[in-house]
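What follows is a set of notes on a single structure, which appears directly below.
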Amino acid sequence: MSVENGGNDWLGISGRKYVVTGAGSGIGYAIAETLIGLGAQVAMLDRNTAGCEALSARFNAAGAQHLVLACDIGSEASVEQAATTVRETFGLIDGLVNCAGMLRAAPIKSVTLDDWDAVLRTNLTGYMLCSRHFARHTVEGEGAMVHIASVAAHHPQTYSGAYSASKAGITLLSRQIAAEYGAEGVRSNVICPGMIRTALSEPFYQYPGIKERREAMTASRRIGAPQDIANAAIFLLSPRAAYINGAEISVDGGMETMLMDLIPRPGFSAVNSPEQQNA
């Protein structure tokens, strides 16, 4: 599909076909919603399909073509069945978004092996299974994969069991996919979200002052929304990103750039600089 300059479909998304895992809530929901809104056909996968069904119902009146499938991405049989159903319904697809994920909090010294394995099975093995099976049903020379990891891939998120390890694994898995599938025309890229306000993180913001403290940790001085991640994902899925492969993008409002600013440096930080004191 050629991409024309300007117009209402500058990204060239309309008419394309995508699979989004974890589409029932949060970031996955925002990505699926945006794709459908741009005229794409979307297969929405989740273990709990209630959110996917609600999104599907919103677009029924407009005649959008989409598919809702219950799928446990940690089960190869479940992924294989979903891939077969998508192929039978849509034909070949243009892209995959690996977004389904989970967290089971625990310190390393006491995390159970069952919890450790469960997180890795969904967050890492599940991404591999979806990538492998849906790559077989991708338009030749035009496939795009986007994997949602986390800034926790770069910095240990303590007391979170296998979460950081799984997210770090995703970043290398994506590069391996890029290297192995690139000759077949399949691109693979990673997005590492920072602090994104979703239903999962909402309880944190009920504590007084947490929102302001978190905002102060970002260069942009705000907490991200699922749509911020969706915007980046849509670009990476689009033919406008045709030469971006094996890349990793942090969408965190500049949180990771603030590390040195968090270190007390009398006379150097903005609040202690001579200019600030003499103002």
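Throughout, read-outs are computed from the coordinates displayed, never taken from laboratory work. Treat the numbers as computed from the prediction; the structure is a model and nothing was measured. Counting neighbours? That spans all protein chains shown, and the Cβs are built from the backbone with ideal geometry, glycine included.
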*What list do you get for 154, 137 if you sort them by fewest beta carbons within 10 Å?*
154, 137
*At what distance in angstrom do the alpha carbon centres of region 137-206 and region 8-43 lie from each other?*
17
*Label of the coordinate-derived value, volume of the Cα convex hull per residue in Å³, listed as [x] 132; [y] 168; [z] 152*: [y]
*asked:* Given points 7 Å out from each Cα along the Cα-Cβ axis, report the residue 53 to residue 210 separation in nanometres with one decimal.
replied: 3.0
*asked:* Below 8 Å between Cα atoms, with a sequence gap of 6+, how large is the relative contact order for region 17-278 in percent?
replied: 17
*Fraction of alpha-carbon pairs over 23 Å apart in region 130-279 - percent*: 48
*Give me the log10 of I(q) over I(0) for region 103-149 at q = 0.33 Å⁻¹, as the Debye formula computes it from C-alpha points; what are the numbers?*
-1.17
_Whole-Å semi-axes of the ellipsoid equivalent to region 62-120 (Cα gyration tensor, √5λ, descending)_ = 33, 13, 9
*Arrange 69, 172, 96 by Cβ neighbour counts within 10 Å, fewest through most, would you?*
172, 69, 96
*asked:* Using Cβ counts within 10 Å as a stand-in for footprinting exposure, how do 52, 192, 99 rank, fewest first?
replied: 192, 52, 99
*asked:* Tell me the mean residue ellipticity at 222 nm calculated for the chain from its helices only (DSSP H runs of n ≥ 4, each -39500 (n - 2.57), averaged over every residue, nearest 500).
replied: -10500 deg cm²/dmol
